[in-house]
1. Give the residue, chosen from Arg301, Arg244, Arg286, that is surrounded by 15 or more Cβ atoms within 10 Å (Cβ to Cβ), closer than 22 Å to Ile209 by Cβ and among the charged types (D, E, K, R).
2. So which residues in region 222-238 are of a type outside the set (D, E, K, R) and either touching a Lys or Arg at 6+ places or on another chain (Cβ under 8 Å) or modelled with pLDDT of 95 or more (or both)?
3. Being open to solvent by 40 Å² or more (accessible area, probe 1.4 Å), in contact with a strand residue (DSSP E or B) (Cβ under 6 Å, 6 or more places away or on another chain) and not in a loop (DSSP other than H, G, I, E, B) is the filter here, so list the residues in region 59-98 that pass it.
4. Being in contact with an Asp or Glu (Cβ under 9 Å, 6 or more places away or on another chain), open to solvent by 30 Å² or more (accessible area, probe 1.4 Å) and either within 25 Å of Ser57 (Cα to Cα) or modelled with pLDDT under 90 (or both) narrows it down to one of Gln257, Gln261, so name that one.
5. Which of the residues belonging to region 263-304 are among the hydrophobic types (A, V, I, L, M, F, W, C) and in a loop (DSSP other than H, G, I, E, B)?
6. Which condition from (1) part of a strand (DSSP E or B); (2) in contact with a Ser or Thr (Cβ under 8 Å, 6 or more places away or on another chain); (3) on the phi < 0 side of the Ramachandran plot is the one that Thr7 breaks?
7. What pairs come up if the first residue lies in region 188-200 and is touching a residue at least 24 places away in the same chain (Cβ under 8 Å), the second is among the aromatic types (Phe, Trp, Tyr) and surrounded by 12 or more Cβ atoms within 10 Å (Cβ to Cβ), and their beta carbons are under 7 Å apart, counting only those six or more places apart or on different chains?
8. Restricted to region 109-128, and to residues that are of a type in the set (A, V, I, L, M, F, W, C) and open to solvent by less than 70 Å² (accessible area, probe 1.4 Å), which residue is farthest from the chain's Cα centre (by Cα)?
Amino acid sequence: MEQKKETLLEIHDLSVSFRMYDRGLKQKDLRVISDLHLTVYPGEIVAIAGSSGSGKSLLASAILGILPGNATVQGHLHYKGQELSEKRQQQLRGTEIALVPQSVAYFDPLLKVGEQADGHRNPRPTEKRKRIFKRLGLPDKTERLYPFQLSGGMARRVLVSTALITDAQLLIADEPTPGMSLEQALEALKMFREMANEGKAIILITHDIDLAFEFADRVAVFYAGTTVETAPASDFKTGPDALRHPYSKALWRALPQNGFQPIDGFQPYAGDLPTGCLFAPRCPYRTEDCMKKVPPVREIRGGEVRCYHGT
């Protein structure tokens, strides 16, 4: 009997809401992530794909415990089999769990880049950082520059280096490659792949889906704040017939090299989500059940899908 693979990170039924003012002094809860499900294993890269506003970056913040004070998180977050409580998030953040942030606003504008990349670690990983800078194509002078002196691509590469320097077991890379040349992006992803091959895990949040297919082991597709499908990356290379969810198939067909075929409608706004399946209003296969009830997550052909009609 095959032994079940041990998980590094397990997320079940995760929901994130923000308490906001509506009209006057009236407040309401705006749910931006609903019943999200994701499992990450040691030694793999899980790419997260989906349109803007689908909850990809918010998931990273929820895992790290860096959501703003008006956020409410419900559901189950487990790291190495233990609940990822607020206290444990504080202990693991920046050590066992590292983030490559999307925004360059994470830089301290008053500190030189080399100091920030080295961080408060003792002993200082200066030589390791220099090697990483070199692999990412950053010139020697970069360590002596201030953040405002970096180009967009240089800033992105420095942010990548700050996470690669750590000994983190889980790395969350939030849109790490925009602004990089193709060669630089490939080198960064090769370094992520090397980390995964050493037994670490990478969550790669990206719009560069083509690159993700080449380096990821699995791809999780997000829509309107939930996971609609998780499948081997090879299925996305094969084509829509290998995929399970109508939205995943539509996402594949919308890629430039696959005809750039759009579908009617829009991703629903967080304040006006449909009652049942979130994709149902745009789905050609929708039935009455789809409009009334949220589909459960099912295992099909080595992947997972949240759809009554997934095959």
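1. Answer to the check: Arg244.
2. Phe222, Gly225, Thr226, Thr227, Val228, Thr230, Ala231, Pro232, Ala233
3. Matches in region 59-98: Thr72, Val73, Gln74, Gly75, His76, His78.
4. Just a single option satisfies the conditions, and that option is Gln257.
5. Ile263, Phe266, Leu273, Cys277, Leu278, Phe279, Cys283, Val294
6. (1)
7. Short answer, once both residue conditions are applied: Leu189/Phe215; Phe192/Phe215; Arg193/Phe215.
8. Leu111
The values are calculated or read from the model by the stated rules, or taken from the named source; none is laboratory data. Treat the numbers as computed from the prediction; the structure is a model and nothing was measured. Note: ideal-geometry Cβ built from the backbone for every residue, glycine included; neighbour counts use all protein chains shown. Calculation scope for accessible area: heavy atoms of the full protein, side chains included, ligands and nucleic acids excluded. Shrake-Rupley method; radii C 1.70, N 1.55, O 1.52, S 1.80 Å.
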